[in-house]
Each structure stands twice: as C-alpha cells, then as structure tokens.
Amino acid sequence: GENVEQHPSTLSVQEGDSAVIKCTYSDSASNYFPWYKQELGKRPQLIIDIRSNVGEKKDQRIAVTLNKTAKHFSLHITETQPEDSAVYFCAATFQGAQKLVFGQGTRLTINP
Amino acid sequence: DTGVSQDPRHKITKRGQNVTFRCDPISEHNRLYWYRQTLGQGPEFLTYFQNEAQLEKSRLLSDRFSAERPKGSFSTLEIQRTEQGDSAMYLCASSLVLDEAFFGQGTRLTVV
C-alpha cells in the first residue's frame with residue numbers, strides 16, 4: 001500500500017549535537033521526498049526536499065540523504081539549536097508523483 | 001496573494017450538522033490537497049485536485065465528505081452529518097506538480 005514510516009516518534013538531543021530522523025516508503029516509483037517542520041499551533045513548512053535523481057542534498061545545518069534501493073531517506077540536523085525543537089514530517093509521492101503522503105512525525109526536543 | 005488561505009480558522013458545530021470549509025490556493029498552483037491532522041499525528045491524505053479535476057479520494061473517507069474545486073481555483077470541503085470523530089485540524093495545501101506544497105493555516109473543527 002501507500003505508506004511512509006517515520007522513526008523515531010520522539011527524539012531528544014543536547015544542544016549542539018546532531019539529530020537524525022529516518023523514513024521508509026513503500027512505492028519504488030516515488031520520486032519526490034520533502035521534509036516539513038511544524039511548530040506548535042502553526043502550519044507545516046518545507047525545510048528541505050530531495051528528488052530521486054539525487055542521493056544527498058544539504059542546506060546549511062540541514063541535510064537529506066536518499067537510498068532508492070532500500071527505499072529510505074533521512075533528515076540530518078547538525079549543531080542543533082533550541083529553535084530546532086518542533087515536529088518534523090517526512091513525505092513521499094505515490095502513484096507516479098500524483099499525491100503526497102506523510103509520515104507520522106517526529107517530535108524533536110533540543111535540551112539546552 | 002502571498003499564501004494559501006483557509007476559512008474559517010475555527011469551527012464549532014453540533015453533532016449531526018453540516019459544515020463547509022474553504023481553501024484559496026496560491027493563484028498559479030494547479031494542484032490542491034486536503035489533509036486531516038489530529039493531535040500528535042501526521043497529515044492524513046483526504047483528497048486532491050489537479051486544476052478542477054478531483055484525482056483521488058482517500059478510501060478512508062466516508063461518503064459524508066465531499067470536495068469541489070470549481071474552475072480550478074478555490075476549493076470547498078463539506079462534511080455532512082458531522083460526528084465527534086470528525087474533530088480535527090483540516091489542512092489545505094497547494095503546489096505545482098512535483099514541487100513544494102504550501103500549507104494553509106488550517107481549519108480546526110470541533111464537533112460537540
């Protein structure tokens with residue numbers, strides 16, 4: 001079926017350490033993989049995305065890696081800061097890039 | 001037009017009543033999604049449109065839910081005979097095909 005599994009559901013790290021969130025998807029034809037950040041009471045906002053023709057993408061402290069063979073992709077946040085605390089969602093397209101399906105989310109807490 | 005707007009932001013209704021929500025996407029976006037989000041969960045796909053065509057409706061969605069996008073512009077989501085289990089945040093998002101989906105602020109529905 002059309003499924004995106006996200007782990008862990010909660011993650012707590014010390015400020016300055018790195019955080020990694022992983023997602024797996026079920027459709028080998030999926031070709032677009034965005035990551036969203038949602039702060040309490042606010043809308044989800046895109047922080048980074050990757051397409052299937054690329055294995056890794058980086059934007060300052062945030063990076064995403066994609067392993068198409070294993071059908072998983074990961075979000076890496078380095079030098080974490082308190083403002084990184086939020087819920088993070090991964091997503092993947094299904095049915096030939098027709099619809100976007102989300103993972104269940106990871107609540108990231110950065111401890112000062 | 002600087003983003004996706006949803007109306008109303010909050011709706012409290014009695015069980016059994018009908019409710020209708022509106023979403024105005026970013027003007028040049030041809031794709032429009034509706035999602036439902038409950039506390040602690042990721043956005044759950046409901047339906048999506050490309051221009052005025054409704055391409056898919058989630059199998060999890062009962063016949064009480066209907067959505068329209070006349071003329072490929074704004075969209076409405078109607079819930080008939082509301083139930084307490086319908087209480088959730090209803091999110092609308094718009095995008096160009098295979099590109100970043102921008103979310104609205106959502107409509108929080110409470111069924112009492």
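Rule-based calculations on the coordinates, nothing more; no lab input. The model shown is predicted, which means the values in this text are computed figures rather than measured ones. Virtual Cβ from ideal backbone geometry, glycine too; neighbours counted across all protein chains shown.
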* On the given criteria, is A:GLU5 surrounded by fewer than 16 Cβ atoms within 10 Å (Cβ to Cβ), within 11 Å of chain B (Cβ to nearest Cβ) and farther than 23 Å from B:SER94 by Cα? -> yes
* To do: Take A:GLU83 and decide whether it is assigned to a loop (DSSP other than H, G, I, E, B), of a type in the set (Asp, Glu) and away from every other protein chain (no Cβ under 14 Å).
  => no
* **Per-region count, segment B:96-112, residues touching a residue at least 60 places away in the same chain (Cβ under 8 Å) and not in a strand (DSSP E or B)** => 7
* Asked: What number of residues within segment A:51-75 satisfy the criterion of being more than 22 Å from B:GLY40 (Cα to Cα), away from chain B (no Cβ under 12 Å) and part of a strand (DSSP E or B)?
  -> 11
* Give the residue that is farthest from the other protein chains (Cβ to nearest Cβ), with candidates limited to residues of segment B:82-112 that are among the polar types (S, T, N, Q) and out of contact with any Ser or Thr (no Cβ under 8 Å at 6 or more places or on another chain). => B:GLN84
* Asked: Do we find that B:GLN41 is within 11 Å of chain A (Cβ to nearest Cβ) and not in a strand (DSSP E or B) in this structure?
  -> yes
* Asked: Restricting attention to segment B:44-71, which residues are in contact with a Gly (Cβ under 9 Å, 6 or more places away or on another chain) and assigned to a strand (DSSP E or B)?
  -> B:PHE49, B:GLN50, B:ALA53
* **Subset of segment A:16-60 [acidic (Asp, Glu) and either touching a residue at least 24 places away in the same chain (Cβ under 8 Å) or touching a Phe, Trp or Tyr at 6+ places or on another chain (Cβ under 6 Å) (or both)]** => A:ASP17, A:ASP27, A:GLU39
* Structure fact -> Residues in segment B:28-51 that are within 25 Å of B:THR110 (Cβ to Cβ) and over 13 Å from the mean Cα position of the chain (by Cα) total 5
* To do: Kindly indicate the residue of segment A:18-37 that is within 12 Å of another protein chain (Cβ to nearest Cβ) and not in a strand (DSSP E or B) and also surrounded by the most Cβ atoms within 10 Å (Cβ to Cβ) among those meeting that condition.
  => A:SER30
* Asked: Taking segment B:66-95, which residues are without any contact (Cβ under 8 Å) to a residue 24 or more places away in the chain, under 17 Å from B:GLN50 (Cβ atoms) and not basic (Lys, Arg)?
  -> B:GLU68, B:PRO70
